[in-house]
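Asker: Sending over a structure as structure tokens; questions will come in a sec.
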Protein chains: 2
Amino acid sequence: MTTHLQPGEFSLLTQCGTARAGLLGTAHGTLETPVFMPVGTQGTVKALGPDDLAALGPRIILGNTYHLYLRPGDERVARLGGLHQFMGWNGAILTDSGGFQVFSLQGLRRIEEEGVTFQSHIDGSRHLFSPEKVVSIQRNLGSDIMMVLDECVPYGADREYTAKSLQLTTRWARRCREAHPALDRGQLLFGIVQGGFFPDLRAESARQLMEIPFDGFAIGGLSVGESRAEMLDILAHTAPLLPQDKPRYLMGVGTPRDLLDGIALGVDMFDCVLPTRNARNGTLFTSFGKTNIKLAKYAEDPAPLDPACTCYTCRTFSRAYLRHLYMARELLAYRLNTIHNIHYYLDLMRQARAAILEHRFEAFRRDILAHYEDEATPSGDAACPSSPTP
Amino acid sequence: MTTHLQPGEFSLLTQCGTARAGLLGTAHGTLETPVFMPVGTQGTVKALGPDDLAALGPRIILGNTYHLYLRPGDERVARLGGLHQFMGWNGAILTDSGGFQVFSLQGLRRIEEEGVTFQSHIDGSRHLFSPEKVVSIQRNLGSDIMMVLDECVPYGADREYTAKSLQLTTRWARRCREAHPALDRGQLLFGIVQGGFFPDLRAESARQLMEIPFDGFAIGGLSVGESRAEMLDILAHTAPLLPQDKPRYLMGVGTPRDLLDGIALGVDMFDCVLPTRNARNGTLFTSFGKTNIKLAKYAEDPAPLDPACTCYTCRTFSRAYLRHLYMARELLAYRLNTIHNIHYYLDLMRQARAAILEHRFEAFRRDILAHYEDEATPSGDAACPSSPTP
């Protein structure tokens, strides 16, 4: 049984080294942290229905403001009762600000003090995302956790650009908070630390944002093309700067290895398209490491994909059948693979949390990492809004 | 509660005019006829899992021998425990002979006394389907109802060709029966009446086939490009020629209207890709007729797709959400639309059966047809094996 916390209430239950286990209250239930949030860009976790989600048991999923604003439109979603009702999902929802997607529209957007103007990837129409606008959109969507508009500085940006940008991010963050006063705890609001790959600028960004009463803090601007070592360096530097008594969210990261390393460094929340996107490419996470269902060795293999897994896919089907579905491009392949990968991620987080609570996290982490070699996190969720999906 | 019949046992419970309600025993349960069989070409009813099927409740589905023979291969399926185990489906399965698909491979196949040679649409490799071979494949698949190899005469074939062809179909039918003696009732074997659009040739084909001890009789060679009136003419002529005490199966047909007309003319079994293929095109069957979820009028409509429907899709989601999923090409759209259309077809058959048992079928049929205008059945399932599917 989970204690029921009020929205915005964060309870740090224990630490194991710098790894944390906690609880975060939202208007749609209390989250057990560390937590992984499956990505539901356009009002559905790709290939899954809410019945599948109910069986998998995440307590929170992520929606993308950029996509939902353009289609079906946040005002329309509001008139239809909000995003939860629209998609038939009664758990918590975190929405990003849309900034990350907009900044990935190279050449189609312009940044000004007021906000960022961009062209829709769907029809080329022009739009402005200001801090006030992205708060308004997220209020219309009714998300439980809203994110401020920030500038995600591209990898390789110089010190001067990064320093100037983080000031803008702070001014935008303040405007977001003013547009949604801290008194309103039905929808939480998180700030986002920027500062690129300059430790002192990360510290400056964190310091400025912590002056604003946010319900939590995200670390943005990672997983943008840097090496894994660079990412972990910045993360190890930045996480301890953040308040102990607020949740910390590492945006758009990552692999199982990234998650465990992030947890070790004190991160509480994660999201990434990796388990869902990989599922659609046939790449599956298992207790014996990453594999691909296309491999010829599975063609006649009657065993479940992962004999140690308890998901619907592994309880019901053979590797041979999953491979057949994938090779035949059957729609069911995407659903069954996604069910498995999301189950893997959620279970990994449940196990990590139990390990923290039992003060054996490092041993657990080493055990899992033996199966997962170093690999890059893909650049963040829906970075290419126009990329084809099966 | 359904009485449990032995495989091959057919019990005609009642007739209402020429419409029939009955029971047919198979090795995987007893079917209530008239029955519609959802099409699961490649070992999955497209977009659905066996969990979805269990919720929808068909007692029988159809698999395509041509596709399963080529991929993953019938011998492989046999080594994996048969098609039921392979796809996680415990209800009955009917498999076609593969002939229909092969004959639709224009230019790639050659018909001889021995059988039909053809080239795979996947890799161009050469294969022979003989009567013995298609029985062997279907035995490997372990289907509950197997179909004989027949020549599906193209629409427009002249009398001479058709007369010669039906003789070949009879010789092939006899060879199929010999390859799978009637004593073996674990897997039933149905003959297929051909004879094109010549009533006397249909009679001749039926007469010849009825000399062979089949467990049921299909009417093939319809829905191949003819008008609806032509199809009904031939059906009205052919169905009464078949034994009263055996099930009658109209292959590859059709629309809700076709099903009700077929039932009225004494048909017991149907299959068609229409509900599943239409679902993937956004075309949905409802109590108020056919509609398309793409229509702009649904963009902000909070009502269920069909307020009279009890399927998961209609119980859970709004028209607005279904339209959004479809417009955004989300994979969930295909599953939810397919669930609805299959539910519609199965429910239509359940209602038709109840109406026959209560001797009010004609009133029921008129009531439904008021919502469904005349339209052509698409040419049969998987007629174009290489056609793209979403």
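Asker: Express in Å², to the nearest 10, the accessible area of A:Glu75 obtained by rolling a 1.4 Å probe over the protein heavy atoms while all chains stay in place.
Answerer: Approximately 100 Å² of A:Glu75 is accessible to the 1.4 Å probe.
Asker: Return the value, in Å² to the nearest 100, of accessible area buried between chains A and B (probe 1.4 Å, both sides summed).
Answerer: Values: alone 15300 and 15320 Å², together 27360 Å².
Answer for the A-B pair: about 3200 Å² buried.
Asker: Given a 1.4 Å probe, how much area per residue of chain B is accessible, in Å²?
Answerer: Details: 13700 Å² over 390 residues.
Per residue, chain B has 35 Å² of solvent-accessible surface.
Asker: Please name the residues of the stretch B:33-62 whose accessible area, counted over protein heavy atoms with a 1.4 angstrom probe, falls by no less than 50 Å² between the chain alone and the full protein assembly.
Answerer: Listed by number, the residues meeting the 50 Å² cut-off are B:Gln42, B:Thr44, B:Asp51.
Asker: Still on this structure, please answer the following. Using only the heavy atoms of the protein chains and a 1.4 Å probe, how would A:Leu108, B:Leu250 rank by accessible area, largest first?
Answerer: Accessible-area ranking of A:Leu108, B:Leu250, largest first: A:Leu108, B:Leu250.
Asker: Within the stretch B:283-304, what residues put their amide N at less than 13 Å from the label point 7 Å along the Cα-to-Cβ vector of A:Arg79?
Answerer: B:297-303
Asker: If you place +1 on the Cβ of every Lys and Arg, -1 on the Cβ of every Asp and Glu, and leave all else neutral, what size is the dipole of the protein assembly as shown about its Cα centre, to the nearest 20 Debye? Mind dumping the intermediate values first?
Answerer: Details: 78 positive and 86 negative charges, 6 e Å.
For the protein assembly as shown, the charge dipole is close to 40 debye.
Asker: Here's a follow-up. Over the residues of the protein assembly as shown, compute the C-alpha Rg and express it relative to 2.2 N^0.38 Å. Working shown, then result.
Answerer: On the way: Rg = 29.9 Å, N = 780, 2.2 N^0.38 = 27.6 Å.
Ratio of Cα Rg to 2.2 N^0.38 Å: 1.08.
Asker: Separate question: Expressed as a whole number of Å, what is the distance separating the alpha-carbon centroids of the stretch A:1-77 and the stretch A:304-368?
Answerer: Measuring centre to centre over Cα atoms gives 19 Å.
Asker: How high is the FRET efficiency from B:Leu128 to A:Ala54, r the C-beta distance, R0 45 Å, rounded to 0.05? Write out the running numbers ahead of the final one.
Answerer: Details: r = 49 Å, r/R0 = 1.09.
Here the calculated transfer efficiency is 0.35.
Asker: Another question about this same structure. For chain B, what does the helix formula give at 222 nm: sum of -39500 (n - 2.57) over DSSP H segments with n ≥ 4, over the residue count, nearest 500 deg cm²/dmol? Present the calculation step by step, with values, prior to reporting the outcome.
Answerer: Details: 15 runs with 149 residues, N = 390.
Value at 222 nm, helices only: -11000 deg cm²/dmol.
Asker: Relative contact order of chain A: what whole-number percent is it, with Cα pairs under 8 angstrom and at least 6 residues apart? Working shown, then result.
Answerer: On the way: 772 pairs, mean separation 69.7, N = 390.
Relative contact order of chain A: 18 percent.
Asker: Using +1 at the Cβ of each Lys and Arg and -1 at the Cβ of each Asp and Glu in the stretch B:279-369, identify which of B:Ala354, B:Cys314, B:Ala299 lies farthest towards the dipole's positive end.
Answerer: B:Ala299
Asker: Under 1.5 on a/c is rounded, so check that first for the stretch A:197-271, then, if it is not, pick prolate when a/b is larger than b/c and oblate when it is not; a ≥ b ≥ c are the square roots of the alpha carbon gyration tensor eigenvalues.
Answerer: Numbers: a/c = 1.93, a/b = 1.33, b/c = 1.46.
Verdict is oblate for the stretch A:197-271.
Asker: So, one more: Under the definition of Cα pairs under 8 Å and six or more residues apart, what whole-number percent is the relative contact order of the stretch A:279-369?
Answerer: Numbers: 103 pairs, mean separation 24.2, N = 91.
Over the stretch A:279-369, the number comes to 27 percent.
Asker: Ordering A:Lys133, A:Lys164, A:Lys46 by accessible area with a probe of 1.4 Å, largest first, what comes out?
Answerer: A:Lys164, A:Lys133, A:Lys46
Asker: OK, next. With a 1.4 Å probe and all protein chains left in place, how much of the accessible area of the stretch A:279-369 comes from carbon and sulfur atoms, in whole percent? Working shown, then result.
Answerer: Numbers: 1750 of 3380 Å².
Of the solvent-accessible surface of the stretch A:279-369, carbon and sulfur hold 52 percent.
Asker: By the scheme Lys and Arg +1, Asp and Glu -1, what is the net charge of all other residues having a beta-carbon under 12 Å from that of B:Arg319?
Answerer: Values: positive: B:Lys294, B:Lys297, B:Arg323; negative: B:Glu300, B:Asp301, B:Asp306.
Value of the local net charge: 0.
Asker: Largest first, what is the accessible-area ranking of A:Arg366, B:Arg207, A:Arg175 with a 1.4 Å probe?
Answerer: Greatest to least solvent exposure: A:Arg366, B:Arg207, A:Arg175.
Asker: Taking a probe of 1.4 angstrom, what is the accessible area of A:Tyr155 in Å², to the nearest 10?
Answerer: Roll a 1.4 Å probe over it and A:Tyr155 shows about 100 Å².
Asker: How high is the relative contact order of the stretch A:230-326, given as a whole-number percent (alpha carbon pairs under 8 Å, six or more residues apart)? Write out the running numbers ahead of the final one.
Answerer: On the way: 108 pairs, mean separation 17.9, N = 97.
About 18 percent, as a whole number.
Asker: Separate question: Which of A:Val273, A:Leu332, A:Tyr372 sits closest to the plus end of the dipole of the stretch A:228-374, meaning its Cα is farthest towards the positive end, when Lys and Arg get +1 and Asp and Glu get -1 on the C-beta?
Answerer: A:Leu332
Asker: I've got another one for you. Out of A:Val148, A:Tyr161, A:Pro240, whose Cα points farthest toward the positive end of the dipole of the stretch A:129-269 (charges: +1 Lys, Arg; -1 Asp, Glu; placed on Cβ)?
Answerer: Farthest towards the positive pole: A:Val148.
Asker: Given a Förster radius of 35 Å and the C-beta distance between A:Asp200 and A:Glu358 as r, what FRET efficiency does 1/(1 + (r/R0)^6) yield to the nearest 0.05? Each step should come with its number before you reach the end.
Answerer: Working: r = 37 Å, r/R0 = 1.07.
The computed FRET efficiency comes out at 0.40.
Asker: Then there's this: Per the Kirkwood treatment, what hydrodynamic radius in Å, one decimal, follows for chain A from the mean inverse distance over all distinct Cα pairs? Numbers along the way, then the final one.
Answerer: Working: mean 1/r = 0.0474 Å⁻¹.
Every distinct Cα pair counted, the radius reaches 21.1 Å.
Asker: Enter the accessible area of B:Ile234 (Å², nearest 10), with the probe set to 1.4 Å and all protein chains included.
Answerer: We get 10 Å² for B:Ile234.
Asker: Once the label point is set 7 Å along the Cα-to-beta-carbon vector, what list of distances in nm do you get between A:Ser227 and its counterparts in the other copies?
Answerer: From this label point to the equivalent ones elsewhere in the assembly: 7.7 nm.
Asker: From the label point of B:Ile111, set 7 Å from Cα along Cα→Cβ, how far away are the matching label points in the other copies, in nm, ordered shortest to longest?
Answerer: The projected label point of B:Ile111 is separated from its counterparts by 7.0 nm.
Asker: Is there a quick way to get the dipole size of the stretch A:279-369? I mean about its Cα centre, with the Cβ of Lys and Arg at +1 and of Asp and Glu at -1; what is the value in debye to the nearest 20? Mind showing how you got there, number by number?
Answerer: On the way: 14 positive and 8 negative charges, 45 e Å.
Taking the Cα centre of the stretch A:279-369 as origin, the dipole is about 220 debye.
Asker: Going 7 Å from Cα along the Cα-Cβ axis for the label, what nanometre distances separate B:Glu9 from the same residue across the other copies?
Answerer: Counterpart label points of B:Glu9 in the remaining copies fall at 6.4 nm.
Asker: Residues in the stretch A:192-214 near a label at A:Tyr161, defined as backbone nitrogen under 15 Å from the 7 Å Cα→Cβ point?
Answerer: A:195-198
Asker: What's the FRET efficiency of B:Glu112 with A:Ala308 using the Cβ-Cβ distance as r and R₀ = 60 Å, to the nearest 0.05? Working shown, then result.
Answerer: Details: r = 53 Å, r/R0 = 0.88.
The calculated FRET efficiency here is 0.70.
Asker: Can you tell me the dipole magnitude for chain B around its Cα centre, using point charges on the Cβ only (Lys, Arg +1; Asp, Glu -1), in Debye to the nearest 20?
Answerer: Working: 39 positive and 43 negative charges, 155 e Å.
In debye, rounded to 20, chain B gives about 740.
Asker: Would you list the membrane-span-like helices of chain A, meaning whole DSSP H runs whose alpha-carbon atoms span at least 27 Å along their axis and whose mean Kyte-Doolittle value is at least -0.5?
Answerer: Numbers: long enough: A:159-179 (30 Å, -1.26); A:331-357 (40 Å, 0.26).
Helices meeting the criterion: A:331-357.
The values are calculated or read from the model by the stated rules, or taken from the named source; none is laboratory data. Just so you know, these numbers come straight off a predicted model, no measurement behind them. All Cβ positions, glycine included, derive from the backbone under ideal geometry; neighbour counts span all protein chains shown. Each accessible area value is taken on the protein alone, full model and side chains, heavy atoms only, with ligands, DNA and RNA left out. Shrake-Rupley method; radii C 1.70, N 1.55, O 1.52, S 1.80 Å.
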